[in-house]
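As C-alpha cells, the structure follows; a few thoughts come after it.
The values are calculated or read from the model by the stated rules, or taken from the named source; none is laboratory data. A quick note: this is a predicted structure, and the numbers were derived from the prediction, not measured. Cβ atoms come from the backbone with ideal geometry, glycine included; neighbour counts cover every protein chain shown.
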Amino acid sequence: MEASEEFWMLRKTLADVHEHRVSNVLVRSWQSGDESAWLYIHQAADSLNVFDESTFQNEFDSDPQVLAQRQVYAVLDGNRLIGTATAWFPEEGVNPTLGRIHWVAVLPSWQGRGVGRALVSEALTRLAALGYSAAYLSTSQLRKPAISLYHGLGFEPVDRPELMNKL
C-alpha cells in the first residue's frame, strides 16, 4: 500500500468494548491449519495487496499460543471460515499501550452483514484482556466501508505521529 493511501485510526479506550454477534456465525480463536483459510480470505477480500503462501508466516509469529490468543476467525455452519482479524502487537515506535488491529478481512459475499464488526469487537476484547488500554489500526483511505465500520466501533482518524510513544 502506498504511504499516501495510508489512513490511521485510534480507539482511545478499550474499557467500553461491546460484543457483536451475527446469526449462524461463531467467532473463534486461531487453530492449527487456519493459515490456508487466512490466505484464501485475504486473496478474495483484498485487491489492494498481494498475498502468497509466505505472507502469513512473514506477518505473524508462528507460536501457536500467541496466534490462539490474538487471531480470530468467523466460522459459518461450524466449519466454513469467512473472515479473520488479529489483535496484534504495536509496531516499533508506537506507544506500547496501544494494541494493533491487524489484517481484517471478510469474504466479499459476507461483507456488510456484521461479520467484520463481530471480528473487530472480539479482537478489541482480546487486546483489552492482554493489557492494552487503547487500539489503533491502519488501512487504505480507499477502503470507505472499512473506515465506516471502524468509525462505528469507536475509532477516530489520527495522524500517525500521534501514535508514537506519547499518549
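Checking the range 73-90 against the condition returns no match, with no residue being touching a helix residue (DSSP H, G or I) at 6+ places or on another chain (Cβ under 8 Å), acidic (Asp, Glu) and either modelled with pLDDT of 95 or more or farther than 22 Å from SER140 by Cβ (or both). Taking the range 71-106 as the range and being free of Cβ contacts under 8 Å to residues at least 40 places away in the same chain and not in a strand (DSSP E or B) as the test, the residues that pass are ASN79, PHE89, GLU91, GLU92. Does TYR132 count as farther than 20 Å from ASN49 by Cα and not in a strand (DSSP E or B)? For TYR132, the condition - farther than 20 Å from ASN49 by Cα and not in a strand (DSSP E or B) - is met. Selection of the range 150-167 for residues being farther than 18 Å from THR13 by Cβ and aliphatic (A, V, I, L, M) yields only MET164.
Total residues in the range 1-38 satisfying the condition of being in contact with a helix residue (DSSP H, G or I) (Cβ under 6 Å, 6 or more places away or on another chain) and part of a helix (DSSP H, G or I): the figure is 2. The conditions of being buried (at least 21 other Cβ atoms within 10 Å of the Cβ), of a type in the set (Val, Ile, Thr), touching a strand residue (DSSP E or B) at 6+ places or on another chain (Cβ under 7 Å) and modelled with pLDDT of 95 or more are not met by ILE147. Pairs linking a residue in the range 112-123 that is in contact (Cβ under 8 Å) with a residue 60 or more places away in the chain and at positive phi to a residue that is surrounded by 18 or more Cβ atoms within 10 Å (Cβ to Cβ) and β-branched (Val, Ile, Thr), with Cβ atoms under 9 Å and 6 or more positions apart or on different chains, are GLY114/VAL22; GLY114/VAL25.
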